[in-house]
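*Asks:* This is the structure I have questions about; it appears just below.
Every number in this text was worked out from the coordinates using simple rules, so none of it is lab data. None of the values given here were measured: they were computed from a predicted structure. Note that each Cβ is placed from the backbone with ideal geometry, even for glycine, and that neighbours are counted across all protein chains shown.
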Amino acid sequence: MVRHPSGRPWVIGRWHDEELTSASAGSNAVVLLGRARISESELARKLAAMRSVSDVDSLSRSSHGCFHLLASIGGQVRAQGSLTTVRQVFYGSVAGVAVAADRPQSVAALTEAGIDEELVALRLLFPTAPHPLSQACLWRGVTSLPLGHYLLMPANSGARPVRWWTPPEPSVPLAQGADTLRRALEAAVETRTAHSATVSTDLSGGMDSTSLCFLAAPRAARLVTYHHVPLGPSNARWLRSSAALLGPEPGKRGTGPAWESPPAMPLWATPRAVSAVRSLIHAAADGEPDPLAPLPVQHDMLSVAQLCGEMTRRASRFTARHGLSYEAPYLDDRVVETAM
């Protein structure tokens, strides 16, 4: 538990010691929960310069890693996760008091919220529901933060999302962007290897996993690579050359072919479920929602990143039961922002 400067309980949960970075100054405090690449002394220095929760923007824009950020400044509380929802914030109201958590079930348990059956049917869409329905919460009265927003919880009014991030203009030259992306990835990998005796990485032979393996190799005390043997030979050549440079042969496991499909309901879905999903999509379209970004390519990038973030979030909850941390450095805010 982390106490508020007032002495009252503020953040309640379970985490490893290395996942908590915090600082306080008088009645103000800031907490980072997750993988963060900043010391408590540096965090305290930044906190001392903050006069309102909007001042936290500079910390959010400059910090490497993947974490939840909570700040209490000037009597207001700010809570936010990551852009890709690997770290997500869900919120609701209990007796007029705003509550937030990293899992919707936690908020629903406090608010005694029920399941929205129509949204359950929406989850049958493969590979995912279209924006903005993809982020709809299954529990009534429980809301997830939109991309690029933080949750503002004033002392005497209801909680509301506030935008703090917008996609950058794609104006950086390719060579400069590549160098910045490399440094962002190096920082993302270092946040994972700093407190881990053994790090395991996927080595498919593709550019993404292979790059991470080579970034992790000099930083991890012990690196174990893992490889799914594909039915096709597309990455085999690069896998063999990469494995030879990295050292021991990666562990192997056979896999079947991957199937891809445009968003669609399964053949066994009932007419009622199909009708409910159709109505939800039409209602969302009638609302003319804003895209995730002004450029179609950026919207697509963020949509895919959110889907990957949700899968990573769910996978990490499963592996945590076995004492393992499931990480995706490519989904860190600074990496995503730089790639755009």
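*Asks:* Taking 7 Å along the Cα-to-C-beta vector as the label spot, tell me the Tyr226-Ala194 distance in nanometres, rounded to one decimal.
*Replies:* For the pair Tyr226/Ala194, the computed spacing is 2.4 nm.
*Asks:* Can I ask one more? Could the peptides 149-159, 264-274 be put in order, highest first, of the mean number of other beta-carbon atoms found within 10 Å of their residues?
*Replies:* Sorting 149-159, 264-274 by mean packing, highest first, produces 149-159, 264-274.
*Asks:* Then there's this: Taking the mean number of other Cβ atoms within 10 Å as a proxy for protection, how do you rank 275-285, 212-222 from highest to lowest?
*Replies:* 212-222, 275-285
*Asks:* Another question, if that's okay. Peptides 287-297, 303-313: what's the order by average Cβ count within 10 Å, highest mean first? Mind showing how you got there, number by number?
*Replies:* On the way: 287-297: 12.6, 303-313: 18.9.
So the peptides 287-297, 303-313, ranked by packing, come out 303-313, 287-297.
*Asks:* With a Förster radius of 56 Å, plug the Cβ-Cβ distance of Glu18 and Thr270 into 1/(1 + (r/R0)^6) and report the FRET value to the nearest 0.05.
*Replies:* Efficiency at R0 = 56 Å is approximately 0.75.
*Asks:* What are the ³J(HN,Hα) values, in whole Hz, obtained from phi via the Karplus relation 6.51 cos²θ - 1.76 cosθ + 1.60 with θ = phi - 60°, for each residue of the range 180-197 in sequence order, with x given for Gly and Pro?
*Replies:* Result, ordered by residue: 5, 5, 4, 5, 5, 5, 4, 5, 5, 5, 4, 5, 8, 8, 4, 10, 10, 6 Hz.
*Asks:* Given Cβ point charges of +1 (Lys, Arg) and -1 (Asp, Glu) and nothing else, what value in debye, to the nearest 20, does the dipole of the chain about its Cα centre take?
*Replies:* 700
*Asks:* Would you mind calculating the gained length between Gln76 and Ala136 on full extension (0.36 nm times residue separation, minus the Cα-Cα distance), in nm to one decimal?
*Replies:* Here the segment from Gln76 to Ala136 would lengthen by 19.0 nm.
*Asks:* Label point 7 Å out from Ser93 along Cα-to-Cβ: which residues of the range 119-162 have amide N under 20 Å?
*Replies:* From the range 119-162, the list is 137-146, 150-162.
*Asks:* Then there's this: Note the full-extension length gain between Ser171 and Leu324 as 0.36 nm times their separation in residues minus their Cα-Cα distance, in nm to one decimal.
*Replies:* The span from Ser171 to Leu324 would gain 51.2 nm if fully extended.
*Asks:* Could I ask something else about it? Students often get this wrong, so try it: which of (1) 58; (2) 54; (3) 69 is percent of Cα pairs over 25 Å apart as calculated from the structure shown?
*Replies:* Checked against the structure: label (1).
*Asks:* Of Ser157, Ala95, Leu124, whose Cα points farthest to the positive end of the dipole of the range 71-199 (charges on the beta-carbon: +1 Lys, Arg; -1 Asp, Glu; origin at the Cα centre)?
*Replies:* Ser157
*Asks:* Applying 1/(1 + (r/R0)^6) with R0 = 22 Å to the Cβ-Cβ distance of Met311 and Arg61, what FRET efficiency is obtained, to the nearest 0.05? Intermediate values should be presented prior to the final figure.
*Replies:* Numbers: r = 26 Å, r/R0 = 1.17.
Computed FRET efficiency for Met311 and Arg61: 0.30.
*Asks:* Kindly write out, for the range 138-149 in residue order, the coupling ³J(HN,Hα) from the Karplus curve 6.51 cos²θ - 1.76 cosθ + 1.60 (θ = phi - 60°), rounded to whole Hz, with x marking Gly and Pro.
*Replies:* 6, 9, 5, x, 10, 10, 9, 5, x, 4, x, 10
*Asks:* May I ask you to compute the full-extension gain from Arg51 to Arg160, defined as 0.36 nm times their residue separation minus their alpha-carbon distance, rounded to one decimal in nm?
*Replies:* Stretched out fully, the Arg51 to Arg160 stretch lengthens by 37.3 nm.
*Asks:* Take the chain, connect every pair of alpha-carbon atoms lying under 10 Å apart with a spring to form a Gaussian network, then pick out the residue of Gln80, Gln88, Gln105 with the largest mean-square fluctuation.
*Replies:* Gln105
*Asks:* While we're here: As an exercise, use a Förster radius of 25 Å and the Cβ-Cβ distance of Ala283 and Phe126 to find the FRET efficiency, rounded to the nearest 0.05.
*Replies:* Approximately 0.75, to the nearest 0.05.
*Asks:* For labels at Arg3 and Ala339 in the simple 7 Å Cα→Cβ model, what's the distance in nm?
*Replies:* It is 4.2 nm.
*Asks:* Let me ask something else about it. If you filter the range 30-114 for GluC sites (Glu not before Pro), then keep DSSP loop positions with at most 14 other Cβ within 10 Å, what is left? Don't jump to the answer; show the numbers that get you there.
*Replies:* Numbers: sites: Glu40, Glu42, Glu112; in loops: Glu112.
Sites meeting the loop and neighbour criteria: Glu112.
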